[in-house]
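What follows is a single structure, written as structure tokens, with notes after it.
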Amino acid sequence: IANDDQITTVILAAEWSYYVYGRRHGSRQFIYRYEDSMNTNIDNNPQEFSAALASTIQLLHQSNKQIMFVEPLPEYTTRIPEAMAKIMWKGGDVASLQLPMPSYVDRNRDLFTFLSKLDSNQVHRIPVIEHFCDADQCRPYDEDLNPYYTDSNHLNEHGLSVISEPLLIDVGVL
């Protein structure tokens, strides 16, 4: 990518907190090592990941790429469509699936700290939480109770439609 002159814009998007912390809700943990690191402690993952991401951004910037960074989506502890179906079948309230904003912030704290140090002339940040969250809660579904996710952390077609137009405007396609 860095050496391909036909690629002028690179969009970085991922389940960032999984890479930063080496775990997702209920999953096996992994230790992140960058280059010749001898890291053996999962608590060092944020530093290892930050070094790797900084190196990637530096390489892309030196290669004259426009870098777009899609900020993290809210992640949930359960598969949203299935959980919604079970709750509604039992006559419950799907509001129990909402993620408190402090949980979203805590899960992404180290990434946001890293991003705050980036030069905005090198990296254009694309926030997405405004489409899924208010000041207090993040909702994995819209006002008509249509889920945004296929599972706990991947957007479905409907979820993608919520952010695709703003994203395409940000990258200059629309």
Quick one: which of GLU75, GLU130 is acidic (Asp, Glu), touching a helix residue (DSSP H, G or I) at 6+ places or on another chain (Cβ under 8 Å) and not in a strand (DSSP E or B)? GLU75
Just one of (1) surrounded by 18 or more Cβ atoms within 10 Å (Cβ to Cβ); (2) without any contact (Cβ under 8 Å) to a residue 24 or more places away in the chain trips up LEU97, so point out which. (2)
Of (1) touching a residue at least 24 places away in the same chain (Cβ under 8 Å); (2) in contact with a Phe, Trp or Tyr (Cβ under 9 Å, 6 or more places away or on another chain), HIS158 satisfies every one except (1)
Members of region 3-22 found to be open to solvent by 50 Å² or more (accessible area, probe 1.4 Å) and in a loop (DSSP other than H, G, I, E, B), listed by number: ASN3, ASP4, ASP5, GLN6, ILE7, THR8, ALA13
Mind checking which residues of region 161-174 are of a type in the set (D, E, K, R) and either in a strand (DSSP E or B) or without any contact (Cβ under 8 Å) to a residue 40 or more places away in the chain (or both)? GLU165
Yes/no for LEU111 being open to solvent by less than 20 Å² (accessible area, probe 1.4 Å), modelled with pLDDT under 95, on the phi < 0 side of the Ramachandran plot and outside any loop (DSSP other than H, G, I, E, B): yes
(1) open to solvent by 70 Å² or more (accessible area, probe 1.4 Å); (2) under 22 Å from ILE163 (Cβ atoms) all hold for LYS65 apart from (1)
Out of (1) open to solvent by 40 Å² or more (accessible area, probe 1.4 Å); (2) in a helix (DSSP H, G or I); (3) farther than 17 Å from ALA83 by Cα, what's the single condition that is false for TYR104? (1)
(1) touching a helix residue (DSSP H, G or I) at 6+ places or on another chain (Cβ under 9 Å); (2) in a helix (DSSP H, G or I); (3) under 17 Å from SER152 (Cβ atoms): which one isn't true of SER27, the others all being true? (2)
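Could you check region 7-32 and list, in sequence order, the residues that are of a type in the set (Val, Ile, Thr) and closer than 17 Å to SER50 by Cβ?
Scanning region 7-32 gives VAL20, ILE31.
Does region 137-155 hold any residues that are open to solvent by less than 30 Å² (accessible area, probe 1.4 Å) and assigned to a loop (DSSP other than H, G, I, E, B), and which are they?
Filtering region 137-155 down to residues open to solvent by less than 30 Å² (accessible area, probe 1.4 Å) leaves 138, 140-142, 148-149, 151-153, 155.
Matches in region 137-155: PRO140, ASP142, TYR148, ASP151, SER152, ASN153.
Conditions (1) open to solvent by 20 Å² or more (accessible area, probe 1.4 Å); (2) touching a residue at least 24 places away in the same chain (Cβ under 8 Å), marked per residue:
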site	(1), (2)
SER27	yes, no
TYR32	yes, no
MET38	yes, no
ALA52	no, no
PHE69	no, yes
PRO72	no, yes
ILE80	no, yes
Which residues, taken from region 114-127, are open to solvent by less than 60 Å² (accessible area, probe 1.4 Å) and either over 16 Å from ILE67 (Cβ atoms) or assigned to a strand (DSSP E or B) (or both)? VAL123, ILE126
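Do the conditions hold for ALA52, that is, is it outside any helix (DSSP H, G or I) and aliphatic (A, V, I, L, M)? Reasoning before the result, please.
Numbers: outside any helix (DSSP H, G or I): no; aliphatic (A, V, I, L, M): yes.
Considered against the rule, which asks whether it is outside any helix (DSSP H, G or I) and aliphatic (A, V, I, L, M), ALA52 comes out as no.
The values are calculated or read from the model by the stated rules, or taken from the named source; none is laboratory data. For clarity, every value in this text was computed on a predicted model and none was experimentally measured. Every residue, glycine as well, gets a Cβ built from its backbone with ideal geometry; the counts of neighbours run over all protein chains shown. Keep in mind that these areas ignore ligands, DNA and RNA; they rest on the heavy atoms of the full protein, side chains included. Shrake-Rupley method; radii C 1.70, N 1.55, O 1.52, S 1.80 Å.
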